[in-house]
Structures are given as C-alpha cells and as structure tokens.
Amino acid sequence: MIDKTIETNEQQSEDEKFMALAMKLAQQAEQHNEIPVGAVVVANGQVIGEGFNQSIMLNDPSAHAEMIAIRQAGQVMSNYRLLDCTLYVTLEPCPMCAGLLVHSRIKRIVFGAFDLKTGSAGSVFNITNTEKLNHQISVSSGVLAEQCSHLLSAFFKRRRLEKKAIKQAAKANNLSK
C-alpha cells in the first residue's frame, strides 16, 4: 500500500512538472494574442514534442497546441504511433484534438482546465474513451486546473475589454464628426 502512495505522489509531481511546462507554452501563445493553450508530449520522462496554439498566426484552424506537439513528437519518434507517450495540455482537448490523440495511440492525456463547451475527454464528449473506437486513452484531469483556468479567464477578460475599448473609440469618433 505504501508503494502505491509513493508512486502516486511521484506521478503527481511529474504531472505537475510537465503541466508547468505546458503553461509556459500557453503563455507564449498569449504573447502572440492566441488563446493560451500549451501542450507537451513526454516519452520516458523526456519532452519529445511541444506546441502552443497558433491558429491565428498560421491561418490554420488545426494549429492547436496538441496538434503541433503531436506532429513534433511523431517526427522525433520517426513514427505516427506514440504508444508509450503522455500528452500534457493546459485545456481539455477539443473533438479534433481528441480524435488525433486516439489515432496517434497516445497512452495517456493529462489536462488542466476543463472545457465545458467542447471538451472531448469527458466534459462534453468522451472521444478519448469511446469503446467503439479502436483505442482508448487513460485520462487524468484537473492537474494545476486553477492556474490553467486563470490563464484562460484572464486572456478572455482582456480580449473583451479590448473589444469594448475599440467600440467606445469608434463611437466617440463618430460623435466627433
């Protein structure tokens, strides 16, 4: 019983370490005015892929953090199957990314914030554990959830304030004419 507790504590510590790295990547996304989501793929304790949201920068709706990290990991592994890998991502994967993760045969997903609108690892959909699919993924949720959620909330709050300021400036400009 003690060994399981130690293993659980070690796993929790490792999960938090890699989630902190994913959060740093999410901050890079925010610096580019992208939705702050970051992801890392880990194999044998080593990062083999990383990404942050770049859909706006790349004009690519598929340029989600998970997609970029998985593509990089596939290149590093020289394989499109990531059998013994774990993906750490700051936000629960969307349907597109969850499908990618099933197809990549990733072993485990660890995410921070829940996505109550499009989350596909259990919140809205459960693509990652659908028995009709040929692969199911172990999911750990809520790792550093408060910090991940705060990063997203602060970003969207700032964006709303910016849009409001633009509208007010346009209104003021029209009144002065």
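The values are calculated or read from the model by the stated rules, or taken from the named source; none is laboratory data. Please read all numbers here as calculations on a predicted model, not as lab measurements. Cβ: placed from backbone, ideal geometry, glycine included. Neighbour counts: every protein chain shown. Protein only, heavy atoms only, side chains kept; ligands, DNA and RNA dropped before computing areas. Shrake-Rupley method; radii C 1.70, N 1.55, O 1.52, S 1.80 Å.
In the set THR118, THR90, only one residue is among the hydroxyl-bearing types (Ser, Thr, Tyr) and surrounded by fewer than 18 Cβ atoms within 10 Å (Cβ to Cβ); that residue is THR118. Among the residues of region 161-168, none qualifies, meaning not one is among the β-branched types (Val, Ile, Thr) and at pLDDT 95 or above. Residue count for region 33-55, restricted to those that are among the charged types (D, E, K, R) and in a strand (DSSP E or B): 1. When you look at ALA73, is it modelled with pLDDT of 95 or more and open to solvent by less than 30 Å² (accessible area, probe 1.4 Å), yes or no? Criteria met by ALA73. All of SER149, SER123, SER140 fail the test of being touching a Gly at 6+ places or on another chain (Cβ under 9 Å) and either under 30 Å from ASP84 (Cβ atoms) or open to solvent by less than 70 Å² (accessible area, probe 1.4 Å) (or both), apart from SER149.
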